[in-house]
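Here is the structure we will look at, set down as C-alpha coordinates.
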Amino acid sequence: MKLKIEEVRKEFPSLKNEWVLMDNAGGSQILQKVINRMNDYLLNSNVQLGASYKVSELAGKNIDEANRVMGEFINARSKSEIIMGGSTTMLLNQLAASFGKVLKPGDEIVVTDCDHEANIGAWRKLERFGIVIREWQINLDDFRLHLDDLGKIMNDKTKLVAVTNSSNIIGTTIDVKEITGYVHKRGALICVDGVAYVPHRAVDVQKMDIDFYVFSFYKLYGTHSALLYGKQELLEKLPGINHYFIDEEEVPYKFQPGNQNYELSYGALGITDYISEMASLHGISSNLSLNNKSKEFFNLIKVHEEELMNPIMDLLNSKSNIKIIGEDSYSGDVRVPTISFIVDGVMSNEIVEQVDKHKIGIRYGHFYAKRLIDNLGLEKQNGVVRISLVHYNTLDEVNKLVTALDEILN
Ligand SMILES: Cc1ncc(COP(=O)(O)O)c(C=O)c1O
(Lines give C-alpha, C1' and ligand atoms only; values in the text may rest on other atoms or scores of the structure.)
Protein backbone atom coordinates (compact mmCIF):
# COMPACT_ATOMS: atom_id res chain seq x y z
CA MET A 1 0.00 0.00 0.00
CA LYS A 2 1.32 3.42 -1.01
CA LEU A 3 0.60 6.71 0.69
CA LYS A 4 -2.44 8.33 -0.95
CA ILE A 5 -0.78 11.66 -1.46
CA GLU A 6 -3.78 13.43 -3.01
CA GLU A 7 -5.90 12.53 0.01
CA VAL A 8 -3.11 13.64 2.33
CA ARG A 9 -2.77 17.03 0.66
CA LYS A 10 -6.50 17.73 0.84
CA GLU A 11 -6.13 17.80 4.61
CA PHE A 12 -3.72 20.75 4.48
CA PRO A 13 -5.60 23.77 3.04
CA SER A 14 -2.52 26.02 2.97
CA LEU A 15 -0.80 23.77 0.45
CA LYS A 16 -2.86 25.47 -2.23
CA ASN A 17 0.01 27.86 -2.62
CA GLU A 18 2.22 28.71 -5.55
CA TRP A 19 5.26 28.10 -3.36
CA VAL A 20 6.79 24.67 -2.85
CA LEU A 21 7.34 24.47 0.90
CA MET A 22 10.47 22.58 1.87
CA ASP A 23 11.36 24.24 5.16
CA ASN A 24 9.18 21.91 7.16
CA ALA A 25 11.73 21.20 9.89
CA GLY A 26 11.28 24.89 10.67
CA GLY A 27 7.53 24.45 10.89
CA SER A 28 5.00 22.36 9.00
CA GLN A 29 1.69 23.41 7.48
CA ILE A 30 -1.39 22.97 9.63
CA LEU A 31 -4.14 20.38 9.30
CA GLN A 32 -7.70 21.62 8.75
CA LYS A 33 -8.67 19.13 11.45
CA VAL A 34 -6.49 20.99 13.97
CA ILE A 35 -8.17 24.26 13.05
CA ASN A 36 -11.58 22.56 13.44
CA ARG A 37 -10.71 21.32 16.92
CA MET A 38 -9.45 24.75 17.97
CA ASN A 39 -12.61 26.39 16.66
CA ASP A 40 -14.70 23.85 18.50
CA TYR A 41 -12.90 24.60 21.77
CA LEU A 42 -13.08 28.35 21.36
CA LEU A 43 -16.70 28.43 20.24
CA ASN A 44 -18.12 25.89 22.67
CA SER A 45 -15.98 25.64 25.78
CA ASN A 46 -13.87 28.75 26.12
CA VAL A 47 -14.41 29.33 29.83
CA GLN A 48 -12.17 28.84 32.83
CA LEU A 49 -11.72 25.23 33.89
CA GLY A 50 -12.62 23.86 37.29
CA ALA A 51 -15.98 25.53 38.00
CA SER A 52 -19.20 23.62 38.71
CA TYR A 53 -21.26 24.95 35.77
CA LYS A 54 -21.73 22.77 32.70
CA VAL A 55 -19.63 24.74 30.20
CA SER A 56 -16.67 24.71 32.56
CA GLU A 57 -17.11 20.97 33.02
CA LEU A 58 -17.04 20.58 29.25
CA ALA A 59 -13.83 22.64 29.01
CA GLY A 60 -12.25 20.39 31.65
CA LYS A 61 -13.39 17.26 29.82
CA ASN A 62 -11.95 18.57 26.55
CA ILE A 63 -8.53 19.26 28.04
CA ASP A 64 -8.59 15.91 29.77
CA GLU A 65 -9.33 14.26 26.44
CA ALA A 66 -6.40 16.06 24.80
CA ASN A 67 -4.01 14.72 27.44
CA ARG A 68 -5.48 11.22 27.30
CA VAL A 69 -5.39 10.93 23.50
CA MET A 70 -1.92 12.45 23.21
CA GLY A 71 -0.83 9.91 25.82
CA GLU A 72 -2.25 7.10 23.68
CA PHE A 73 -0.55 8.55 20.61
CA ILE A 74 2.93 8.12 22.11
CA ASN A 75 1.93 5.10 24.21
CA ALA A 76 2.25 6.75 27.61
CA ARG A 77 0.86 4.78 30.53
CA SER A 78 -1.58 7.51 31.57
CA LYS A 79 -2.74 11.01 30.78
CA SER A 80 -1.00 12.42 33.83
CA GLU A 81 2.33 11.72 32.12
CA ILE A 82 1.52 14.44 29.57
CA ILE A 83 2.55 18.03 30.28
CA MET A 84 1.37 20.66 27.80
CA GLY A 85 3.30 23.88 27.35
CA GLY A 86 4.21 26.83 25.19
CA SER A 87 7.20 25.40 23.33
CA THR A 88 9.81 22.69 23.58
CA THR A 89 12.35 25.27 24.74
CA MET A 90 10.06 26.42 27.54
CA LEU A 91 9.16 22.90 28.64
CA LEU A 92 12.81 21.87 28.79
CA ASN A 93 13.62 24.96 30.83
CA GLN A 94 10.76 24.06 33.17
CA LEU A 95 12.02 20.49 33.52
CA ALA A 96 15.59 21.64 34.11
CA ALA A 97 14.37 24.12 36.74
CA SER A 98 12.73 21.24 38.55
CA PHE A 99 15.95 19.17 38.39
CA GLY A 100 17.83 22.22 39.65
CA LYS A 101 15.91 21.97 42.91
CA VAL A 102 17.07 18.41 43.64
CA LEU A 103 20.50 17.99 42.07
CA LYS A 104 23.54 18.63 44.25
CA PRO A 105 26.78 20.42 43.40
CA GLY A 106 29.08 17.91 41.74
CA ASP A 107 26.21 15.97 40.13
CA GLU A 108 26.70 15.65 36.39
CA ILE A 109 24.55 16.03 33.27
CA VAL A 110 25.52 15.01 29.74
CA VAL A 111 24.44 17.13 26.77
CA THR A 112 25.44 16.69 23.13
CA ASP A 113 27.03 19.16 20.75
CA CYS A 114 24.56 18.36 17.97
CA ASP A 115 21.18 18.99 19.60
CA HIS A 116 19.09 22.08 19.00
CA GLU A 117 20.09 24.50 21.77
CA ALA A 118 16.74 23.87 23.50
CA ASN A 119 18.00 20.54 24.90
CA ILE A 120 21.48 21.91 25.70
CA GLY A 121 21.01 25.41 27.07
CA ALA A 122 18.28 24.47 29.53
CA TRP A 123 20.66 21.97 31.18
CA ARG A 124 23.76 24.13 30.91
CA LYS A 125 21.96 26.78 32.98
CA LEU A 126 22.30 24.42 35.95
CA GLU A 127 26.08 24.98 35.96
CA ARG A 128 25.51 27.97 38.22
CA PHE A 129 24.29 25.58 40.94
CA GLY A 130 27.55 23.62 40.71
CA ILE A 131 26.19 20.93 38.38
CA VAL A 132 28.93 19.65 36.06
CA ILE A 133 28.00 19.56 32.38
CA ARG A 134 29.77 17.06 30.11
CA GLU A 135 29.54 17.19 26.34
CA TRP A 136 28.92 14.10 24.23
CA GLN A 137 30.46 15.05 20.91
CA ILE A 138 29.33 13.84 17.57
CA ASN A 139 31.83 11.94 15.43
CA LEU A 140 32.64 14.32 12.60
CA ASP A 141 33.48 11.51 10.15
CA ASP A 142 30.11 9.78 10.20
CA PHE A 143 27.99 12.49 11.91
CA ARG A 144 26.84 9.98 14.53
CA LEU A 145 26.87 9.85 18.30
CA HIS A 146 28.81 6.80 19.51
CA LEU A 147 28.03 4.98 22.74
CA ASP A 148 31.70 4.39 23.56
CA ASP A 149 32.17 8.18 23.55
CA LEU A 150 29.26 8.48 25.96
CA GLY A 151 30.83 5.76 28.12
CA LYS A 152 33.99 7.85 28.48
CA ILE A 153 32.15 10.81 30.00
CA MET A 154 29.58 9.01 32.18
CA ASN A 155 30.41 8.11 35.76
CA ASP A 156 28.58 7.43 39.01
CA LYS A 157 27.76 11.14 39.36
CA THR A 158 25.92 11.29 36.03
CA LYS A 159 22.24 11.93 36.71
CA LEU A 160 20.85 12.66 33.27
CA VAL A 161 21.72 12.41 29.57
CA ALA A 162 19.99 14.86 27.20
CA VAL A 163 19.98 13.78 23.57
CA THR A 164 18.03 14.19 20.38
CA ASN A 165 16.00 11.54 18.51
CA SER A 166 17.14 13.14 15.25
CA SER A 167 19.16 16.31 14.72
CA ASN A 168 17.29 19.10 12.93
CA ILE A 169 20.35 19.49 10.69
CA ILE A 170 21.85 16.05 10.21
CA GLY A 171 18.58 14.12 9.92
CA THR A 172 20.11 10.81 11.03
CA THR A 173 17.71 8.82 13.20
CA ILE A 174 19.16 7.90 16.55
CA ASP A 175 18.47 4.56 18.21
CA VAL A 176 17.09 5.97 21.43
CA LYS A 177 16.20 2.57 22.86
CA GLU A 178 19.83 1.51 22.71
CA ILE A 179 20.99 4.74 24.36
CA THR A 180 18.30 4.49 27.01
CA GLY A 181 19.39 0.97 27.96
CA TYR A 182 23.00 2.13 28.15
CA VAL A 183 22.15 5.18 30.26
CA HIS A 184 19.83 3.32 32.62
CA LYS A 185 22.43 0.58 33.22
CA ARG A 186 24.72 3.33 34.47
CA GLY A 187 22.07 4.69 36.82
CA ALA A 188 21.12 7.88 34.95
CA LEU A 189 17.94 9.21 33.36
CA ILE A 190 17.41 10.25 29.75
CA CYS A 191 15.66 13.28 28.23
CA VAL A 192 15.01 13.10 24.49
CA ASP A 193 14.20 15.93 22.09
CA GLY A 194 11.81 14.44 19.54
CA VAL A 195 10.97 17.66 17.68
CA ALA A 196 12.76 16.76 14.44
CA TYR A 197 11.69 13.11 14.63
CA VAL A 198 7.94 13.03 15.33
CA PRO A 199 6.80 14.47 11.97
CA HIS A 200 8.38 11.39 10.35
CA ARG A 201 8.19 8.36 12.64
CA ALA A 202 5.86 7.04 15.33
CA VAL A 203 7.05 7.19 18.92
CA ASP A 204 6.50 4.59 21.62
CA VAL A 205 7.77 5.96 24.91
CA GLN A 206 7.21 2.68 26.77
CA LYS A 207 9.01 0.59 24.20
CA MET A 208 11.96 2.98 24.26
CA ASP A 209 11.71 3.13 28.07
CA ILE A 210 12.30 6.87 27.88
CA ASP A 211 12.16 9.02 31.01
CA PHE A 212 11.37 12.36 29.34
CA TYR A 213 10.39 13.07 25.74
CA VAL A 214 9.48 16.42 24.26
CA PHE A 215 8.19 17.73 20.93
CA SER A 216 6.45 20.72 19.38
CA PHE A 217 3.09 20.49 17.64
CA TYR A 218 3.91 23.10 15.03
CA LYS A 219 6.37 20.68 13.41
CA LEU A 220 3.75 17.92 13.58
CA TYR A 221 1.05 19.60 11.51
CA GLY A 222 -0.41 21.43 14.49
CA THR A 223 -0.07 24.75 16.29
CA HIS A 224 2.65 26.59 18.20
CA SER A 225 2.58 24.63 21.42
CA ALA A 226 4.41 21.60 22.78
CA LEU A 227 4.21 18.44 24.84
CA LEU A 228 6.54 16.97 27.44
CA TYR A 229 6.16 13.34 28.43
CA GLY A 230 7.57 12.23 31.78
CA LYS A 231 7.38 8.85 33.49
CA GLN A 232 4.73 9.02 36.19
CA GLU A 233 6.98 7.93 39.05
CA LEU A 234 9.58 10.54 38.09
CA LEU A 235 7.03 13.33 37.78
CA GLU A 236 5.70 12.38 41.20
CA LYS A 237 9.17 12.53 42.76
CA LEU A 238 10.42 15.68 41.06
CA PRO A 239 9.54 19.00 42.70
CA GLY A 240 6.91 21.06 40.87
CA ILE A 241 7.45 24.56 39.53
CA ASN A 242 3.93 25.84 40.08
CA HIS A 243 2.62 28.08 42.93
CA TYR A 244 3.42 27.09 46.52
CA PHE A 245 -0.18 26.08 47.21
CA ILE A 246 -0.40 23.65 44.28
CA ASP A 247 -0.19 20.18 45.74
CA GLU A 248 2.99 18.23 44.89
CA GLU A 249 0.77 15.21 44.22
CA GLU A 250 -0.93 17.03 41.35
CA VAL A 251 0.75 15.59 38.28
CA PRO A 252 1.01 17.08 35.68
CA TYR A 253 -0.45 20.33 37.07
CA LYS A 254 2.54 20.99 39.30
CA PHE A 255 4.64 21.31 36.09
CA GLN A 256 2.19 23.58 34.24
CA PRO A 257 2.43 27.06 35.74
CA GLY A 258 -0.24 29.49 34.57
CA ASN A 259 -3.05 28.65 32.20
CA GLN A 260 -1.75 26.56 29.36
CA ASN A 261 -2.98 27.35 25.83
CA TYR A 262 -6.11 25.26 26.16
CA GLU A 263 -7.35 25.74 22.62
CA LEU A 264 -3.96 24.71 21.27
CA SER A 265 -3.82 21.60 23.46
CA TYR A 266 -7.31 20.67 22.32
CA GLY A 267 -6.34 21.52 18.74
CA ALA A 268 -3.66 18.81 18.89
CA LEU A 269 -6.49 16.27 18.77
CA GLY A 270 -6.84 17.24 15.12
CA ILE A 271 -3.48 15.53 14.52
CA THR A 272 -4.73 12.24 15.91
CA ASP A 273 -8.09 12.68 14.11
CA TYR A 274 -6.04 12.91 10.93
CA ILE A 275 -3.95 9.84 11.73
CA SER A 276 -7.06 7.78 12.52
CA GLU A 277 -8.79 8.88 9.33
CA MET A 278 -5.70 8.24 7.22
CA ALA A 279 -5.24 4.85 8.87
CA SER A 280 -8.75 3.85 7.88
CA LEU A 281 -8.32 5.26 4.35
CA HIS A 282 -5.18 3.17 3.94
CA GLY A 283 -6.83 -0.03 5.16
CA ILE A 284 -5.16 -0.09 8.57
CA SER A 285 -7.31 -1.99 11.06
CA SER A 286 -9.56 0.19 13.19
CA ASN A 287 -9.12 -2.30 16.05
CA LEU A 288 -5.53 -1.20 16.63
CA SER A 289 -4.61 1.19 19.42
CA LEU A 290 -3.91 4.76 18.32
CA ASN A 291 -0.19 4.18 18.86
CA ASN A 292 -0.23 1.07 16.66
CA LYS A 293 -2.28 2.83 13.98
CA SER A 294 0.32 5.60 14.04
CA LYS A 295 3.12 3.08 13.64
CA GLU A 296 1.44 1.63 10.55
CA PHE A 297 0.63 5.01 9.05
CA PHE A 298 4.12 6.35 9.70
CA ASN A 299 5.54 3.28 7.96
CA LEU A 300 3.72 4.42 4.82
CA ILE A 301 5.14 7.88 5.40
CA LYS A 302 8.63 6.43 5.67
CA VAL A 303 8.35 4.70 2.27
CA HIS A 304 6.98 7.89 0.68
CA GLU A 305 9.79 9.92 2.21
CA GLU A 306 12.36 7.50 0.78
CA GLU A 307 10.89 8.04 -2.66
CA LEU A 308 11.20 11.80 -2.17
CA MET A 309 14.75 11.66 -0.86
CA ASN A 310 16.06 9.39 -3.60
CA PRO A 311 16.43 11.99 -6.42
CA ILE A 312 17.79 14.62 -4.04
CA MET A 313 20.43 12.28 -2.69
CA ASP A 314 21.29 11.16 -6.21
CA LEU A 315 21.87 14.75 -7.25
CA LEU A 316 23.88 15.72 -4.17
CA ASN A 317 25.99 12.55 -4.33
CA SER A 318 26.74 13.12 -8.00
CA LYS A 319 28.43 16.49 -7.39
CA SER A 320 32.02 16.39 -6.22
CA ASN A 321 31.86 19.93 -4.79
CA ILE A 322 29.03 19.05 -2.38
CA LYS A 323 29.31 17.65 1.09
CA ILE A 324 26.21 16.21 2.74
CA ILE A 325 26.21 16.86 6.48
CA GLY A 326 24.86 13.47 7.50
CA GLU A 327 24.07 10.14 5.87
CA ASP A 328 24.35 10.13 2.08
CA SER A 329 21.69 7.41 1.90
CA TYR A 330 17.99 7.90 1.24
CA SER A 331 17.06 4.96 3.44
CA GLY A 332 14.35 5.78 5.96
CA ASP A 333 16.04 3.34 8.32
CA VAL A 334 18.94 5.70 8.84
CA ARG A 335 17.52 9.15 8.23
CA VAL A 336 14.50 11.42 7.94
CA PRO A 337 14.16 13.79 4.95
CA THR A 338 15.92 16.68 6.63
CA ILE A 339 18.88 17.02 4.30
CA SER A 340 21.70 19.49 4.87
CA PHE A 341 24.69 20.15 2.69
CA ILE A 342 27.40 22.65 1.86
CA VAL A 343 28.97 23.59 -1.44
CA ASP A 344 32.74 24.02 -1.63
CA GLY A 345 33.69 27.68 -1.60
CA VAL A 346 30.10 28.93 -1.88
CA MET A 347 28.17 30.71 0.86
CA SER A 348 25.07 28.75 1.82
CA ASN A 349 22.83 31.83 1.56
CA GLU A 350 23.82 32.23 -2.10
CA ILE A 351 22.44 28.80 -2.95
CA VAL A 352 19.20 29.39 -1.07
CA GLU A 353 18.65 32.81 -2.62
CA GLN A 354 18.94 31.21 -6.06
CA VAL A 355 16.43 28.54 -5.11
CA ASP A 356 14.03 31.23 -3.82
CA LYS A 357 13.71 32.53 -7.37
CA HIS A 358 12.07 29.23 -8.35
CA LYS A 359 9.41 29.75 -5.67
CA ILE A 360 10.78 26.91 -3.61
CA GLY A 361 11.17 27.61 0.10
CA ILE A 362 14.30 26.06 1.59
CA ARG A 363 16.67 27.64 4.09
CA TYR A 364 20.25 28.17 5.28
CA GLY A 365 21.80 28.82 8.68
CA HIS A 366 22.59 27.14 11.99
CA PHE A 367 18.97 26.40 12.89
CA TYR A 368 19.75 26.96 16.59
CA ALA A 369 22.07 23.96 16.53
CA LYS A 370 24.79 26.55 16.70
CA ARG A 371 27.33 24.43 18.55
CA LEU A 372 27.24 21.85 15.77
CA ILE A 373 27.69 24.46 13.03
CA ASP A 374 30.52 26.11 14.99
CA ASN A 375 32.27 22.75 15.58
CA LEU A 376 32.00 22.01 11.88
CA GLY A 377 33.57 25.41 11.16
CA LEU A 378 30.57 26.38 9.04
CA GLU A 379 29.56 29.68 10.63
CA LYS A 380 31.77 31.53 8.13
CA GLN A 381 29.87 29.86 5.29
CA ASN A 382 26.54 30.99 6.79
CA GLY A 383 25.80 27.48 8.00
CA VAL A 384 24.33 24.74 5.86
CA VAL A 385 21.71 24.64 3.12
CA ARG A 386 18.79 22.64 4.48
CA ILE A 387 16.02 20.95 2.51
CA SER A 388 13.40 19.59 4.86
CA LEU A 389 10.53 17.55 3.51
CA VAL A 390 7.51 15.95 5.10
CA HIS A 391 5.01 13.44 3.78
CA TYR A 392 2.77 16.01 2.07
CA ASN A 393 5.58 16.92 -0.31
CA THR A 394 5.31 15.31 -3.74
CA LEU A 395 7.69 13.79 -6.23
CA ASP A 396 6.75 16.59 -8.66
CA GLU A 397 7.87 19.15 -6.11
CA VAL A 398 11.10 17.28 -5.53
CA ASN A 399 11.76 17.07 -9.26
CA LYS A 400 11.24 20.83 -9.52
CA LEU A 401 13.79 21.35 -6.74
CA VAL A 402 16.27 18.92 -8.28
CA THR A 403 16.05 20.67 -11.68
CA ALA A 404 16.59 24.06 -10.03
CA LEU A 405 19.46 22.84 -7.87
CA ASP A 406 21.14 21.05 -10.75
CA GLU A 407 21.19 24.32 -12.67
CA ILE A 408 22.40 26.37 -9.68
CA LEU A 409 25.11 23.93 -8.64
CA ASN A 410 26.66 23.66 -12.10
C1 LIG B 1 15.17 19.64 17.10
C2 LIG B 1 14.52 20.85 17.70
N3 LIG B 1 14.41 20.93 19.03
C4 LIG B 1 13.82 21.97 19.62
C5 LIG B 1 13.31 23.02 18.89
C6 LIG B 1 12.66 24.17 19.60
O7 LIG B 1 11.28 24.07 19.55
P8 LIG B 1 10.37 25.25 20.12
O9 LIG B 1 10.36 26.33 19.11
O10 LIG B 1 9.03 24.61 20.32
O11 LIG B 1 10.97 25.69 21.40
C12 LIG B 1 13.40 22.99 17.50
C13 LIG B 1 12.90 24.11 16.69
O14 LIG B 1 13.31 24.32 15.57
C15 LIG B 1 14.03 21.88 16.90
O16 LIG B 1 14.15 21.78 15.56
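The values are calculated or read from the model by the stated rules, or taken from the named source; none is laboratory data. What you see is a predicted model, and the numbers here were worked out from it, not measured in a lab. Positions of Cβ are generated from backbone atoms using ideal geometry, with glycine treated the same way; all protein chains shown enter the neighbour counts. Surface areas here come from the heavy atoms of the whole protein model, side chains and all, with no ligands, DNA or RNA. Shrake-Rupley method; radii C 1.70, N 1.55, O 1.52, S 1.80 Å.
Any idea what the dipole of the range 34-272 comes to, in debye rounded to 20, about its Cα centre with Lys/Arg Cβ at +1 and Asp/Glu Cβ at -1?
On the way: 25 positive and 31 negative charges, 41 e Å.
Result for the range 34-272 is approximately 200 debye, rounded to the nearest 20.
List the relative contact order of the chain as a percent without decimals, with contacts defined as Cα pairs under 8 Å and 6+ residues apart.
The normalised contact order for the chain reaches 22 percent.
For the chain, what is the charge dipole size about the Cα centre, in debye to the nearest 20, if Lys and Arg each add +1 at the Cβ and Asp and Glu each add -1 at the Cβ?
600
I'd like the antiparallel share, as a percent to the nearest 5, of DSSP beta bridges with both residues in the range 34-272. List each step's numbers first, then the result.
Details: 11 of 27 bridges.
The answer is about 40 percent antiparallel.
Let me have the 222 nm mean residue ellipticity of the chain computed from DSSP H runs of 4+ only, each contributing -39500 (n - 2.57), with the sum over all residues rounded to the nearest 500.
One gets -12500 deg cm²/dmol as the mean residue ellipticity at 222 nm.
Put +1 on the Cβ of each Lys and Arg and -1 on the Cβ of each Asp and Glu in the chain; which of I138, A162, S329 then has its Cα farthest toward the positive end of the dipole?
Toward the positive end, the furthest listed residue is A162.
So for the range 34-272, Kirkwood radius off the Cα pairs, Stokes-Einstein at 25 °C and 0.890 mPa s: how many µm² s⁻¹?
The calculation lands on 134 µm²/s.
Suppose each label sits 7 Å from its Cα in the direction of the beta carbon; what would the H243-I5 distance come out to in nanometres?
5.3
Which is farthest toward the positive dipole end of the chain among S280, L95, V251, measuring Cα position about the Cα centre, with Cβ charges +1 (Lys, Arg) and -1 (Asp, Glu)?
V251
Pairs on different chains or at least eight residues apart, Cα atoms closer than 24 Å: how many lysine pairs in the range 56-196 fit?
The number of close lysine pairs in the range 56-196 is 20.
Mind checking which lysines have their Cα closer than 24 Å to the Cα of K2? Skip sequence neighbours fewer than 8 apart in that chain.
K10, K16, K33, K219, K293, K295, K302, K400
Which of the chymotrypsin sites (Phe, Trp or Tyr not before Pro) found in the range 14-56 are loop residues per DSSP with 14 or fewer other Cβ atoms within 10 Å of their Cβ?
Qualifying residues, ordered by number: W19, Y53.
Output the antiparallel fraction of DSSP beta bridges having both residues in the chain, as a percent to the nearest 5.
Values: 23 of 42 bridges.
So the antiparallel bridges in the chain amount to around 55 percent.
What's the FRET efficiency of K357 with E135 using the Cβ-Cβ distance as r and R₀ = 45 Å, to the nearest 0.05? Could the numbers behind the result be given before it?
Numbers: r = 40 Å, r/R0 = 0.89.
Plugging the Cβ-Cβ distance into 1/(1 + (r/R0)^6) gives 0.65.
Write out the trypsin sites (Lys or Arg not before Pro) in the range 1-103 meeting two conditions: DSSP loop, and at most 15 other Cβ atoms within 10 Å of their Cβ.
For trypsin sites (Lys or Arg not before Pro) across the range 1-103 that sit outside H, G, I, E and B with at most 15 neighbouring Cβ atoms in 10 Å, the list reads K2, K4, K16, R77.
Are there GluC sites (Glu not before Pro) in the range 238-333 that DSSP puts in a loop and that have at most 15 other Cβ atoms within 10 Å, and which ones?
E248, E249, E250
At 0.36 nm per residue, minus the direct Cα-Cα distance, what do K54 and N321 gain on full extension? Give it in nm, one decimal, please.
89.6 nm is the gain from fully extending K54 to N321.
Could you tell me which residue out of N292, S318, S340 lies farthest along the dipole of the chain toward its positive end? Charges go on the beta carbon: Lys and Arg +1, Asp and Glu -1, centred on the Cα centre.
In the chain, that residue is N292.
On the first, second and third principal axes, largest extent first, how far apart are the outermost C-alpha atoms of the chain in Å?
Taking max minus min along each principal axis of the Cα atoms, the chain gives 66, 51, 34 Å.
Computing the accessible area with a 1.4 Å probe over protein heavy atoms, can you report the carbon and sulfur percentage for the range 77-210?
Details: 2480 of 4970 Å².
Ligands and nucleic acids excluded, carbon and sulfur give 50 percent.
Dividing the Cα radius of gyration by the Kirkwood radius, what Rg/Rh value follows for the range 33-171?
With Rg and the Kirkwood Rh in hand, the quotient comes to 1.10.
Say each of E236 and K101 gets a label point 7 Å from the Cα, pointing the same way as Cα to Cβ; how far apart are those two points in nm?
With each label placed 7 Å out from Cα toward Cβ, I get 1.7 nm.
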